[in-house]
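A.B. asks: Following this message is one structure expressed as structure tokens.
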Amino acid sequence: MAQGGGFRLHEPEAPDARHREAVLAPLRAYNVARAGDGGFRPVAILLRDADNSDRGGLWGTIGYDWLFVELLVVPESARGQGIGARLMARAEAIARADGCVGIRLDTFEFQARGFYEKLGFELYGTIEDHPVGSRRYFLKKRIGGAADIPAG
């Protein structure tokens, strides 16, 4: 028997992009109706090696006036050379050019919290035991926008 107005729960064996879109489309419509078009767009800054192969970089999304850095990776052999800072500086320049108010991201305890804090990010949330015995940190950095313009 159907539950909740004719709907039933279904768990696909191998969820794919079509299933994600089935969840995302009504959420997007709801958000646009209440907050306007978020202007979502992807941001990619890739690290290309001497063989012209992409070996890491930064992936994010700009939406609702913030850049969310989803992924950042510098190959282990290239760490400690300032490449991560260059990636983040370029991402910040892109976000500023797009009129973003700030940048947000998350990182695990065993990853790069200190790196982001050196770049001016501040902690705004922590999840304990994610993974168990460790933490996940949420950081942000305001870079501009209407809220930062002094009243005249």
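The values are calculated or read from the model by the stated rules, or taken from the named source; none is laboratory data. Keep in mind the model is a prediction, meaning the values are calculated, not measured. FYI the Cβ positions are ideal-geometry reconstructions off the backbone, even for glycines, and counts take in every protein chain you see.
A.B. asks: If I filter the stretch 99-107 for residues that are surrounded by 15 or more Cβ atoms within 10 Å (Cβ to Cβ), in a loop (DSSP other than H, G, I, E, B) and either at pLDDT 95 or above or of a type in the set (D, E, K, R) (or both), do I get at least one hit?
C.D. replies: Yes, the stretch 99-107 contains a residue that is surrounded by 15 or more Cβ atoms within 10 Å (Cβ to Cβ), in a loop (DSSP other than H, G, I, E, B) and either at pLDDT 95 or above or of a type in the set (D, E, K, R) (or both).
A.B. asks: Counting only residues that are touching a residue at least 12 places away in the same chain (Cβ under 8 Å), surrounded by fewer than 17 Cβ atoms within 10 Å (Cβ to Cβ) and not in a helix (DSSP H, G or I), how many does the stretch 74-90 have?
C.D. replies: 1
A.B. asks: Of all residues in the stretch 42-62, count the ones that are crowded, with 16+ Cβ neighbours inside 10 Å and either of a type in the set (Lys, Arg) or more than 20 Å from Ala112 (Cα to Cα) (or both).
C.D. replies: So the count comes out to 2.
A.B. asks: Still on this structure, I have one more. Across the stretch 32-73, what is the total count of residues that are assigned to a loop (DSSP other than H, G, I, E, B) and touching a helix residue (DSSP H, G or I) at 6+ places or on another chain (Cβ under 8 Å)?
C.D. replies: Looking only at that region, the number is 2.
A.B. asks: Here is a follow-up. Under 8 Å between Cβ atoms, which residue pairs at least 6 apart in sequence (or on different chains) link something in the stretch 17-41 that is surrounded by 10 or more Cβ atoms within 10 Å (Cβ to Cβ) with a partner that is in a helix (DSSP H, G or I)?
C.D. replies: Pairs that qualify, where the first residue is surrounded by 10 or more Cβ atoms within 10 Å (Cβ to Cβ) and the partner is in a helix (DSSP H, G or I), are Gly38/Asn31; Gly38/Val32.
A.B. asks: Another question about this same structure. Which of the residues belonging to the stretch 31-81 are within 19 Å of Phe110 (Cα to Cα), of a type in the set (Gly, Ala, Ser) and more than 18 Å from the chain's Cα centre (by Cα)?
C.D. replies: Ser77, Ala78, Gly80
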